[in-house]
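To start, the structure itself, in structure tokens.
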Amino acid sequence: MTKLTRESVAGLGLSPNDADRCRNFFAMGLLYWLYGREMDTTLRFIEAKFGKKAEVAEANRRALHAGWNYGETTDAFVSNYRVGPAKLPPGRYRNIMGNQALAWGLLTASHLSGKDLFYGSYPITPASEILHELSKYKNFGVRTFQAEDEIAAICASIGASFGGAMAVTASSGPGIALKGEAMGLVTMLELPLIIINVQRGGPSTGLPTKTEQSDLLQALFGRHGECPIPVIAARSPGDCFDVAQEAWRIAVRFMTPVLLLSDGYIANGSEPWRIPDVNSFPKIPVEHPGPRTNGEEFLPYQRNERLARPWALPGTEG
């Protein structure tokens with residue numbers, strides 16, 4: 001590819017270094033041929049980006065066409081492909097990645113329930129990008145906490161939930177194993193908490209960049225005794241936005257931790273996502289018992305019609 005790129009830009013007076021920088025356009029031209037796509041968008045991009053440097057713009061154009069012509073004339077490929085237009089509902093779209101959509105879904109759930117978001121996590125592939133994304137949004141009342149280990153991350157999040165915040169923690173297979181005991185604790189306490197598991201290859205700490213949905217049995221049964229936790233899963237990068245809200249809706253409705261499953265492909269993959277009308281989202285109702293000033297006894301594990309206990313805030317009178 002280097003040789004063909006250099007030949008395509010010969011005579012423009014570029015140094016070998018600058019000529020080699022055109023290889024990405026050669027590769028892109030080849031991919032345009034391979035998938036039967038028009039090159040007009042990239043040609044306009046080259047003009048907008050490099051128009052003031054005529055020789056650089058021309059070199060990139062030549063490399064792009066050379067890549068396309070190579071695909072057309074070589075016998076290296078058995079066939080090429082034509083991908084038809086996607087059948088999508090009308091609307092305004094943007095690209096979104098799974099971890100980004102999870103972060104935005106959590107932000108939306110926080111807003112819809114009127115609760116500040118606390119996110120406690122320990123960096124782990126492929127979940128770390130959720131922490132990176134949420135750390136940008138302190139202006140929305142988000143508190144991100146990078147803990148010293150997985151156990152500290154979930155225990156800090158349990159503390160935040162005890163204090164009345166929307167609490168979330170995240171990890172992958174080995175980190176979920178470490179969080180197992182605290183998951184039993186938060187189930188026993190009957191506190192709302194979202195536990196995100198962006199799955200990777202297992203077992204234990206191996207294969208951090210390999211995608212598997214390898215934690216299903218751990219998610220369903222990886223705790224001690226009577227410790228049931230609702231488990232929901234995202235089906236695509238865009239769906240992460242919706243399941244994040246659904247997880248919080250279940251957690252506060254039934255006063256329970258919720259396990260939310262994603263995986264490496266969903267987390268790092270992208271898809272066109274129709275930008276929703278934020279005014280159409282239903283509120284996520286959250287209630288806290290008020291002060292007891294008339295001598296009435298407060299029963300912390302009194303059940304409502306859904307068998308959920310009240311979410312009392314520490315320091316409330318009575």
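The values are calculated or read from the model by the stated rules, or taken from the named source; none is laboratory data. None of these values were measured; they are calculated from a predicted model. No Cβ is skipped: glycine too gets one built from the backbone with ideal geometry, and neighbour counts run over all protein chains shown. In case anyone asks, the SASA skips ligands and DNA or RNA and just uses the protein heavy atoms, side chains included. Shrake-Rupley method; radii C 1.70, N 1.55, O 1.52, S 1.80 Å.
Computed values, structure above
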| read-out | value |
| --- | --- |
| Those residues of the range 111-141 which are of a type outside the set (Phe, Trp, Tyr), touching a Lys or Arg at 6+ places or on another chain (Cβ under 8 Å) and within 12 Å of Ile196 (Cα to Cα), in sequence order | Pro126 |
| Members of the range 61-98 that are touching a strand residue (DSSP E or B) at 6+ places or on another chain (Cβ under 8 Å) and surrounded by 15 or more Cβ atoms within 10 Å (Cβ to Cβ) | Tyr93, Ile96, Met97, Gly98 |
| Strands (runs of 3 or more DSSP E) enclosed by the range 141-256 - at least 2 residues per element that are surrounded by fewer than 21 Cβ atoms within 10 Å (Cβ to Cβ) | 142-146, 231-233 |
| Selection within the range 116-137 - open to solvent by less than 10 Å² (accessible area, probe 1.4 Å) and in a helix (DSSP H, G or I) | Ile130, Leu134 |
| Count of the range 36-70 residues which are farther than 13 Å from Phe25 by Cα and touching a Phe, Trp or Tyr at 6+ places or on another chain (Cβ under 9 Å) | 2 |
| Filtered residues of the range 256-290 (kept if hydrophobic (A, V, I, L, M, F, W, C), within 16 Å of Ala165 (Cα to Cα) and touching a Leu at 6+ places or on another chain (Cβ under 7 Å)) | Ile284 |
| Residues being part of a loop (DSSP other than H, G, I, E, B), surrounded by fewer than 20 Cβ atoms within 10 Å (Cβ to Cβ), at negative phi and not hydroxyl-bearing (Ser, Thr, Tyr) - total across the range 257-305 | 25 |
| Qualifying residues in the range 34-58 (those that are farther than 16 Å from Leu14 by Cα and of a type in the set (A, V, I, L, M, F, W, C)) - the one surrounded by the fewest Cβ atoms within 10 Å (Cβ to Cβ) | Ala48 |
